[in-house]
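Peer 1: For reference, the structure I am asking about is given below.
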Amino acid sequence: MPDLVIYDCDGTLIDSERLVAEICLIAIHGLGLTHWTMDRYYAAFVGMPGHVGWSTISAELGRALPDGLNAAVDADILRLMETDLQALPGVRQAVEAIGGARCVASSTEKHHLVANIRKAGLYDLFGENIFSASQVRRAKPAPDVFLFAASQMGHDPRHCLVVEDSVPGVLAAIRAGMRVVGYTGAAHDPVGMHQKLLDAGAIRVVAHMDELPSVIGAL
């Protein structure tokens with residue numbers, strides 16, 4: 001067993017990636033980039049801070065994004081989160097079964113991250129042990145947020161394990177010197193993502209949360 005299990009949040013603990021993708025793709029099409037597909041959105045945005053994805057959109061447009069676009073998109077996402085946000089199936093049971101020291105480390109800004117974990121009914125599993133890339137200099141795929149989480153929890157990165165659903169997240173964990181188990185239960189393309197996570201360095205990939213306790217227990 002690892003000394004510390006670090007969980008990503010969006011697409012790993014909570015079913016937020018799907019909700020965010022729906023809103024963002026509508027906005028992207030509204031800008032005239034109607035050729036953008038869900039696959040392209042996931043490649044540009046998932047696992048990264050939002051501003052990185054929107055920089056890609058701005059570059060493709062060849063101009064700055066309209067004033068107020070980010071605020072409008074964020075407002076639409078928050079409204080959808082209030083009504084539709086849920087923990088992914090089996091998350092609570094898996095986290096409780098794995099037990100031990102644990103925390104969350106995510107690219108989502110800290111106040112949104114904590115709020116989303118509360119809305120999904122998972123806050124009691126992690127309490128104050130919730131860390132965000134907004135607290136460090138560089139976001140995933142840089143290792144900063146995972147190294148920060150390990151230091152705050154008092155654990156050697158070499159003895160930590162990360163559970164991640166995205167390629168940038170897996171790369172960040174590998175660069176932090178941590179082992180990674182990939183998760184595809186919320187992926188837009190589970191079959192394709194399974195191989196992508198392995199190629200990025202995940203030691204195992206699971207499709208269902210009920211597989212996770214036995215996989216981690218055997219490490």
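The values are calculated or read from the model by the stated rules, or taken from the named source; none is laboratory data. Owing to the predicted nature of the structure, the values given are computational and were not obtained by experimental measurement. We place every Cβ from the backbone using ideal geometry, glycine too, and count neighbours over all the protein chains shown. Ligands, DNA and RNA are excluded from the accessible area calculation, which covers all protein heavy atoms including side chains. Shrake-Rupley method; radii C 1.70, N 1.55, O 1.52, S 1.80 Å.
Peer 1: Can you find a residue that is in contact with a Lys or Arg (Cβ under 9 Å, 6 or more places away or on another chain), within 26 Å of ASP3 (Cβ to Cβ) and surrounded by fewer than 18 Cβ atoms within 10 Å (Cβ to Cβ) anywhere in region 92-103?
Peer 2: Within region 92-103 (the criterion being in contact with a Lys or Arg (Cβ under 9 Å, 6 or more places away or on another chain), within 26 Å of ASP3 (Cβ to Cβ) and surrounded by fewer than 18 Cβ atoms within 10 Å (Cβ to Cβ)), the answer is no, since none of the residues qualifies.
Peer 1: Another one. State whether one or more residues within region 81-90 are more than 30 Å from ASP3 (Cβ to Cβ) and in contact with a Phe, Trp or Tyr (Cβ under 6 Å, 6 or more places away or on another chain).
Peer 2: no
Peer 1: Has region 163-177 got any residue that is farther than 27 Å from THR37 by Cα, surrounded by 20 or more Cβ atoms within 10 Å (Cβ to Cβ) and not aliphatic (A, V, I, L, M)?
Peer 2: The answer is no; no qualifying residue exists.
Peer 1: Six or more apart or on different chains, Cβ atoms under 7 Å: show the pairs whose first residue is in region 58-83 and free of Cβ contacts under 8 Å to residues at least 24 places away in the same chain and exposed (fewer than 10 other Cβ atoms within 10 Å of the Cβ) and whose second is of a type outside the set (Lys, Arg) and part of a helix (DSSP H, G or I).
Peer 2: ALA64/SER58
Peer 1: Tell me the helices (runs of 4 or more DSSP H) entirely within region 33-147 that contain at least 3 residues that are over 27 Å from PRO157 (Cβ atoms), out of contact with any strand residue (DSSP E or B) (no Cβ under 9 Å at 6 or more places or on another chain) and of a type in the set (Ser, Thr, Tyr).
Peer 2: In region 33-147, 50-61 are the helices (runs of 4 or more DSSP H) which contain 3 or more residues that are over 27 Å from PRO157 (Cβ atoms), out of contact with any strand residue (DSSP E or B) (no Cβ under 9 Å at 6 or more places or on another chain) and of a type in the set (Ser, Thr, Tyr).
Peer 1: Here are some residues: VAL205, VAL191, VAL180. Which one is open to solvent by 10 Å² or more (accessible area, probe 1.4 Å), assigned to a strand (DSSP E or B) and free of Cβ contacts under 8 Å to residues at least 60 places away in the same chain? It would help to see each step written out before you state the result.
Peer 2: Working: VAL191 fails: assigned to a strand (DSSP E or B); VAL180 fails: open to solvent by 10 Å² or more (accessible area, probe 1.4 Å).
Every option except VAL205 fails the conditions.
Peer 1: If the Cβ limit is 6 Å and pairs must be 6+ apart or interchain, which residue in region 31-44 that is without any contact (Cβ under 8 Å) to a residue 12 or more places away in the chain pairs with which residue that is surrounded by 13 or more Cβ atoms within 10 Å (Cβ to Cβ)?
Peer 2: Listed by first residue and then by second, the contacts come to TRP36/ILE28.
Peer 1: Which of the residues spanning region 148-171 are out of contact with any strand residue (DSSP E or B) (no Cβ under 8 Å at 6 or more places or on another chain), within 12 Å of SER107 (Cα to Cα) and not hydroxyl-bearing (Ser, Thr, Tyr)?
Peer 2: Correct list: PRO168 only.
Peer 1: Among the residues of region 85-109, how many are in contact with a helix residue (DSSP H, G or I) (Cβ under 6 Å, 6 or more places away or on another chain) and modelled with pLDDT under 95?
Peer 2: 3
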